[in-house]
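Contents: one structure, followed by commentary.
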Amino acid sequence: MNQIKPNSLAARDIAYHLHGYTNAVRHEQDGPLILTEGKGIYVHDENGRAYIEGMAGLWSVSLGFGEERLVEAAVRQMKKLPYYHTFTHKTSSVTVELAEKLIGLAPVPMSKVFFANSGSEANDTVIKIVWYYSNALGRPKKKKIISRQKAYHGVTVATASLTGLPNNHRDFDLPIANIIHADCPHYYRFGKEGESEAQFAQRMADSLEKLILAEGPDTVAAFIAEPVMGAGGVIVPPAGYFDLIQPILKKYDILFIADEVICGFGRTGNMFGSETFKLKPDILSCAKALSSSYLPISGVMINEKVYQALRDNSAKIGTFGHGFTYSGHPVPAAVALETLKIYEERNILAQVRSVAPAFQRELKRFADHPLVGETRGIGLVGAIELVKDKRTKEPFAPQQGVGFQAAKLCQEQGLITRAIMDSLAFCPPLIITEAEIGEMFRRFAKGLDATWAWVR
Ligand code: PLP
């Protein structure tokens, strides 16, 4: 238990602030980590202590902290037109520019982009578009959406339902109807004894097809997937997985939705994870690195097929009755546009490709550690899974909280990482240098050894 001084920021946080994804009792005991500034890959706490932000916040601050150009873009736009909306045929100039830019960057031909403020809102919009689309085509029964176990697509009522993690459902009375979860394609965890990666991918595809047939293909509207699952533990799909799945979706006329909220804008070494895994989505959601997360903005891209149905239905009904007060807000739009400009000018893809091999090498170095069951990753995202028994892959009992403890011990070493159960995730700012990658994993090594000592 930390000593929390009366009237300190920590005491006031405990008194007044309800945190997401937090054990409230533990928070009352330990208090918050209060960050006050950031520069590059580092953030500083209220006592001036520096930490490497190994998660870029929440997989999000792609350009690192303190990027002046994004600040200036926001200030310029605030002075010019600090707010406008996109309802009833209106928009601001910068929002038009951003829409055009995004459609130009899309990994497959896309027709239009709809703006929202968060990944959850983007995916919530996706669900509504899918249902609207099915109704527009006169297929009122075709409404089910297939997500996957361990997927993360957000926390609104509908997107938390898509999310395939128990803590997002438990005691929230979720998931809602018409959302189904297919198997999680994690070879290390769910591959069977003697099953090759290719056989595992085939089994995953077969079980998806079985699920579609059991539900009735005329009731299944869409399948949603992150190219690499993030918050489920950084799960890179087995080779061939998406190549096997996409023809099945085509066969049953099921829309494919790529959730690029983490993978979008360079994380996997291409502009979109869809390029890395050869995905051909009908709908694509993005957020986070779109604005380097300096201001909230997200987008939903739809292809011409989806747009045409939506277009005709909006004319028939009189409107596409959806939109947020802050959809296409000019200030985050200006920041996003500047972010995309910086990606181009500094060739962010070349930067990611040049440091990713060092990042992946460093991750793999931990494979021999007695606590480590699996290291996995692609591009500049990865995870290290801790296990009780390396040989049998037996996990620690959840109540031991080994992952949580490891993250805490890393924090003591000046590294912020994220424990997803007993996997430690890494998703640093895309601007990280090779030397900084070395330093990040040196700190991790110390945290891991301290965890090893704690476990024993
Ligand atoms: N989709 C993915 C893949 C995510 O990782 C996240 C958040 O981490 C979301 C959606 C939800 O985004 P938000 O937290 O902005 O609502």
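The values are calculated or read from the model by the stated rules, or taken from the named source; none is laboratory data. Fair warning: this is a prediction, and the values are worked out from it, not measured in the lab. Virtual Cβ from ideal backbone geometry, glycine too; neighbours counted across all protein chains shown.
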| Scanning for something within 13 Å of the ligand (Cβ to nearest atom), over 28 Å from residue 198 (Cβ atoms) and not in a loop (DSSP other than H, G, I, E, B), does region 245-257 turn up at least one residue? | no
| query | Within the group 147, 207, 120, which residue is under 20 Å from residue 249 (Cβ atoms), part of a helix (DSSP H, G or I) and at pLDDT 95 or above? | reply | 207
| query | For residue 409, all conditions in the list (1) free of Cβ contacts under 8 Å to residues at least 40 places away in the same chain; (2) closer than 21 Å to residue 31 by Cα; (3) buried (at least 17 other Cβ atoms within 10 Å of the Cβ) hold save one; what is the number of the exception? | reply | (1)
| Does residue 238 satisfy being in a loop (DSSP other than H, G, I, E, B) and within 16 Å of the ligand (Cβ to nearest atom)? | no
| From the list 170, 139, 76, which one is more than 16 Å from the ligand (Cβ to nearest atom), charged (D, E, K, R) and without any contact (Cβ under 8 Å) to a residue 24 or more places away in the chain? | 170
| message | Just to be sure before I move on: is residue 90 in contact with a His (Cβ under 8 Å, 6 or more places away or on another chain) and either within 16 Å of the ligand (Cβ to nearest atom) or part of a loop (DSSP other than H, G, I, E, B) (or both) in the structure I sent? | response | no
| query | Looking at region 295-305, which of the residues that are buried (at least 24 other Cβ atoms within 10 Å of the Cβ) and away from the ligand (no atom under 13 Å from the Cβ) is nearest to residue 61 (Cα to Cα)? | reply | 301
| said: Restricting to region 379-394, name every residue that is surrounded by 19 or more Cβ atoms within 10 Å (Cβ to Cβ) and either over 16 Å from residue 55 (Cβ atoms) or acidic (Asp, Glu) (or both). | reply: 385, 386, 387
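Rundown of residues vs (1) buried (at least 17 other Cβ atoms within 10 Å of the Cβ); (2) within 16 Å of the ligand (Cβ to nearest atom); (3) in a loop (DSSP other than H, G, I, E, B), yes/no style:
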{"position": "135", "(1), (2), (3)": "no, no, no"}
{"position": "152", "(1), (2), (3)": "yes, yes, yes"}
{"position": "161", "(1), (2), (3)": "yes, yes, no"}
{"position": "180", "(1), (2), (3)": "yes, no, no"}
| request: Give 397, 367, 435, 453 a once-over and let me know the one that is free of Cβ contacts under 8 Å to residues at least 60 places away in the same chain, under 27 Å from residue 339 (Cβ atoms) and exposed (fewer than 15 other Cβ atoms within 10 Å of the Cβ). | output: 435
| Some residue of region 429-444 being in a helix (DSSP H, G or I) and hydroxyl-bearing (Ser, Thr, Tyr) | no
| Quick one: is residue 418 more than 19 Å from the chain's Cα centre (by Cα), in contact (Cβ under 8 Å) with a residue 60 or more places away in the chain and buried (at least 19 other Cβ atoms within 10 Å of the Cβ)? | no
| message | It is to be established whether one or more residues within region 173-181 are farther than 29 Å from residue 299 by Cβ and acidic (Asp, Glu). | response | yes
| request: Kindly establish whether residue 58 is under 21 Å from the mean Cα position of the chain (by Cα), more than 26 Å from residue 319 (Cα to Cα) and in a loop (DSSP other than H, G, I, E, B). | output: no
| Looking at residue 350, is it touching a residue at least 24 places away in the same chain (Cβ under 8 Å) and not β-branched (Val, Ile, Thr)? | no
| Out of curiosity, is residue 31 over 21 Å from the mean Cα position of the chain (by Cα), at positive phi and modelled with pLDDT of 95 or more? | yes
| field | helices (runs of 4 or more DSSP H) within region 291-405 that include 1 or more residues of a type outside the set (Asp, Glu) and under 30 Å from residue 133 (Cα atoms) | value | 304-317, 330-345
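To keep it simple, each residue is scored yes or no on (1) within 16 Å of the ligand (Cβ to nearest atom); (2) touching a Lys or Arg at 6+ places or on another chain (Cβ under 8 Å).
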| site | (1), (2) |
| --- | --- |
| 229 | yes, yes |
| 259 | yes, no |
| 267 | yes, no |
| 282 | no, yes |
| 287 | yes, no |
| 290 | yes, no |
| 293 | yes, no |
| 322 | no, yes |
| Where a residue in region 102-119 is at negative phi and its partner, wherever it lies, is surrounded by fewer than 22 Cβ atoms within 10 Å (Cβ to Cβ) and of a type in the set (Phe, Trp, Tyr), with Cβ under 6 Å and at least six apart | 111/307; 112/307; 116/324; 117/326
| query | Is there any pair linking a residue in region 271-295 that is closer than 18 Å to residue 124 by Cα and modelled with pLDDT of 95 or more to one that is crowded, with 24+ Cβ neighbours inside 10 Å and charged (D, E, K, R), with Cβ under 6 Å and at least six apart or on different chains, and which? | reply | 284/260; 285/259; 286/260
| Residues located in region 109-129, provided they are away from the ligand (no atom under 16 Å from the Cβ) and either surrounded by fewer than 16 Cβ atoms within 10 Å (Cβ to Cβ) or within 25 Å of residue 140 (Cβ to Cβ) (or both) | 109, 111, 112
| query | Does residue 94 meet the test of being farther than 22 Å from residue 281 by Cα, within 26 Å of the chain's Cα centre (by Cα) and buried (at least 16 other Cβ atoms within 10 Å of the Cβ)? | reply | yes
